[in-house]
Amino acid sequence: ADFNWSYQNPSQAQLKRFGQYSSWSFQMGGVAVDHYTETTFFVAKEDPDVEEPLKVVDIRQNSTTANWATDFSLIGLPGMQSAALMNTDPVVPWLPPPKILWTRFAMDGFSVTVQFEDWTVSGVTKIDTDGDTLPDDADWSTQHVGDRNCSDMFNGSTADKVGYMPNTICRWNLSQVTLYFPTVRTMYLHEELVLRNDTILRYLPFSGQWSYTTYGSTFIDYPYPILDPVTIVRHYAQNANSVLAPVIHMQMTGPGSLSASASAPVKLCERAWMNSIESYHHGGLPRWTWTLQDMYCESIGGYVFEPNPNMRAAVLAQLINSTRGLPWLENGTELVEFRREILEPGCTYFFELNVTTRWNKSGSVKWMMEKLNPMGALSWVPDCDWFCNVATCEPPSACGEDGICVCAPGIFGLFCSGLCPPCHPLGSLRCDDGRTGSGTCICRPGFYGPLCKQRTEWRASAWSECEGQCNSAVGYRTRLFNCTNVETGEVVDYGYCAGEPDASLMECTPPPCPCGPPPAIAGGDMEAITAECPETESGDVCAPICLDGYLMMGMYRCVAGKFTEVPLCAEAGDEIQAVTVLSFSMSLGGLPIEAADDPMGWLESTGMLSAIKDSYMQVLNPDGSLQLVEDDIEITANPVIIENDAGRRLQSTVTLDLSVIVKLRNPLELSSIESMLEVLAGDPGAFLARLQENIRNSCDPQVECYIPTSMGMTPPVRTQIYIMGNDTSSIAEFIPTTTLPPLPEPPGAPGVTTDSSAFVA
């Protein structure tokens, strides 16, 4: 910068040879200097007038008007007469000070975390080696590593409040500092933490950049997120002579919770506790509220009685003594204890615990605790001081010398205090009375209810869908029977209904199987065909998709899991023959396992294929009057699937599934041959006997004969097949040849019109 200073006296200074600003009036004392950038800032006015705005003049090398004059009149203080400039932290201002994002409790209330926006160097201090107040290096030995006293990060008042090691520790983790307290009462919500000066900052060793230090304080906020409290209640029982009985766990909520039925009841001579100390997410200062929601008392025989009011009051008193709001126990306690005489035998108590957390969230849990009746066995003697007397064995029952109460007829219960109800004379057998009795009416079959007055009957549900393998001859429908209370519609135990229910199983015919992906055809776009026809329902058809230059003829027609018609994709001009056929399936069972390897080859090698065709010819054309020859019957054996070698070893025989088509030379013979095949399908046994006889007659005595032991056959289906015109060896006498028209040449070819009618064919 091309300027000089001259000081005329201590109260005034002038800026010389600096262009237009040499005539400005500068405020005495309104100066600040940044040593690192060698920049000086002045407070000045263009004219020494009251209303003239104050400006800050930035004198720096290569400065221009655009970036070194700032008009302070824009800050909304007209008539301002002076301004103070300060450089409070003369370090390299390349990094901002670490900003506090939040300060929060942990959910358990035992720690607080202060989160900074950026990482810090955790207590590393600056070293000034040349005395210019600018940092030249860093002292890493002062870095806060591991567990520290909180006075390293916070000022003295905060450190005194939270305490010192080993009780309270503070620990850095880059952008966080966490305070760990010995108790949850060390700090409370919204209390202030004051940071220690010149301690928390950022530093980049590779570039020598420092940040300003973070000053000030922060206030402790709620945890985030605030989770709902998890309340866990367990109850324990201990017998009278202070020997700890097996621990009984009742965990009503939380990880690995058990149902109420998983806990055993409290026995006659046991005391009990309910403990919720394992609950969590409450912040360490929960407020406990224990309540009794209801209670239900029933004798060993099922007789319901009113609870003893004095014993109920004693239970309530124990709950109140553990609930928040008492002068000596502000938050209540997690433990409730019952002496053995407080819980009434035969009563079930329904408790609820509400936990209000330190973070003002509440959660409640309900459970039950049962106190058993005295045991009903005649040989039982209580292990605490209890025997029958006049008060516990009411007349006309009598208390024996051994302390056992003997009940009068119509009275039941260990204390003989239960009176049998008026059981219905028609619907009941008797009352279950006596000392070990239940006091309930024993109903006859066909009756139900506490007095055996309500009738019962068997009621059936609707029949189910037909269940069974598709294509099988027989399937089954099922229905359920319930013993039902006629008056209420309630389903009761089967023993309350008289007799047996009606049949719950009925035969039916399952639906036919669908066909899977179609077989490949020459000239067909099999990828498109498979996508178009992934599965075809029985009785439906699916159109093929031919490659360019081929024309479609026919459809894929599915019948009972097999394609009875397969289309053809032929080139234009080819001769196509459509042959009318009858298609059906047959199965032969009881054949040797070797037939599964190559079913078609095995049929031919054993002569069974010829025997099958002979048998059909004997039935369909016994006198030769029809235009039907043996070559018109085509048989194809479907593959046999055996899961593995183990299945082959376990399976001694196999069933072959055959597809049969009968080609028709004379359409007038269609109905006759179809009728004969339908008769065979209805009674395949007669055809099986004929086939077995033909095999025996044709079998070489020197060779082992294989004779099927069972047979099935489906009714015939009318369809047609398509054969290329040059294959005339077996179809010369079938329906006339159909010639497909040639495809037209593309538009614009010599001698070809572009009229659209030329492409219709």
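The values are calculated or read from the model by the stated rules, or taken from the named source; none is laboratory data. Just so it is clear, the model here is predicted, and its values are computed rather than measured. Neighbour counts run over all protein chains shown; Cβ positions are idealised from the backbone, glycine included. Surface accessibility is based on the protein's heavy atoms, side chains included, excluding ligands, DNA and RNA. Shrake-Rupley method; radii C 1.70, N 1.55, O 1.52, S 1.80 Å.
Pop the C-beta distance of residue 298 and residue 191 into the FRET formula with R0 = 51 Å and round what comes out to the nearest 0.05. List each step's numbers first, then the result.
Details: r = 54 Å, r/R0 = 1.06.
Rounded to the nearest 0.05, the efficiency is 0.40.
Just subtract the alpha-carbon distance of residue 228 and residue 151 from 0.36 nm times their residue separation and send over the number in nm, one decimal. Before the final figure, lay out the partial values.
Details: separation 77, 0.36 × 77 = 27.72 nm, distance 3.42 nm.
That works out to 24.3 nm of additional length.
For the range 420-531, with equal point scatterers placed on the C-alpha atoms only and solvent neglected, what are the log10 I(q)/I(0) values from the Debye formula at q = 0.12, 0.23 1/Å, to two decimals?
-0.63, -1.13
Pop out the ³J(HN,Hα) list for the range 482-496 in order, Karplus 6.51 cos²θ - 1.76 cosθ + 1.60 with θ = phi - 60°, rounded to Hz; leave Gly and Pro as x.
Residue by residue, the range 482-496 yields 10, 7, 10, 6, 4, 6, 9, x, 6, 7, 10, 5, 4, x, 7 Hz.
Roll a 1.4 angstrom probe over the protein heavy atoms and tell me the percent of accessible area of the range 543-698 that is carbon or sulfur. Spell out each step's value before the answer.
Numbers: 3510 of 7150 Å².
Answer for the range 543-698: carbon and sulfur cover 49 percent of the accessible area.
Find the accessible area per residue for the range 507-598; the probe is 1.4 Å, ligands and nucleic acids are left out, and the unit is Å².
Numbers: 3940 Å² over 92 residues.
Result: 43 Å² per residue.
How high is the FRET efficiency between residue 679 and residue 498 when r is their beta carbon distance and R₀ equals 51 Å, given to the nearest 0.05?
Numbers: r = 49 Å, r/R0 = 0.97.
Efficiency, rounded to the nearest 0.05: 0.55.
For the range 522-564, restrict the atom set to alpha-carbon positions and state the Rg and Dmax in Å.
When restricted to the Cα atoms of the range 522-564, Rg and Dmax are 10.7, 33 Å.
Each label point is 7 Å from the Cα along the Cα-to-Cβ direction; what then is the distance between the points at residue 464 and residue 137, in nm?
Result: 8.7 nm between the two label points.
Between residue 28 and residue 548, what is the label-to-label distance in nm when each label sits 7 Å out along the Cα-to-Cβ direction?
Distance between the two pseudo-spin positions: 10.0 nm.
If you scale each eigenvalue of the Cα gyration tensor by 5 and take the root, what three semi-axes come out for the range 110-166, rounded to whole angstrom and sorted largest first? Don't jump to the answer; show the numbers that get you there.
Values: eigenvalues 146, 36, 25 Å².
They are 27, 13, 11 Å, listed largest first.
Simple spin-label model, 7 Å along Cα-to-Cβ: residue 335 to residue 718 in nm?
9.3 nm
For residue 45, give me every one of the aspartates and glutamates with a C-alpha distance below 13 angstrom, ignoring sequence neighbours fewer than eight places off in its own chain.
Once the sequence-local aspartates and glutamates are set aside, what remains near residue 45 is 71.
Report the calculated FRET efficiency for residue 532 and residue 597 (r = Cβ-Cβ distance, R0 = 41 Å), to the nearest 0.05.
Details: r = 35 Å, r/R0 = 0.84.
FRET efficiency, residue 532 to residue 597: 0.75.
Using Cα pairs under 8 angstrom and six or more residues apart, how large is the relative contact order of the range 445-591, in percent? If you can, show how the numbers build up before the last one.
Numbers: 281 pairs, mean separation 25.1, N = 147.
Contact order relative to length: 17 percent.
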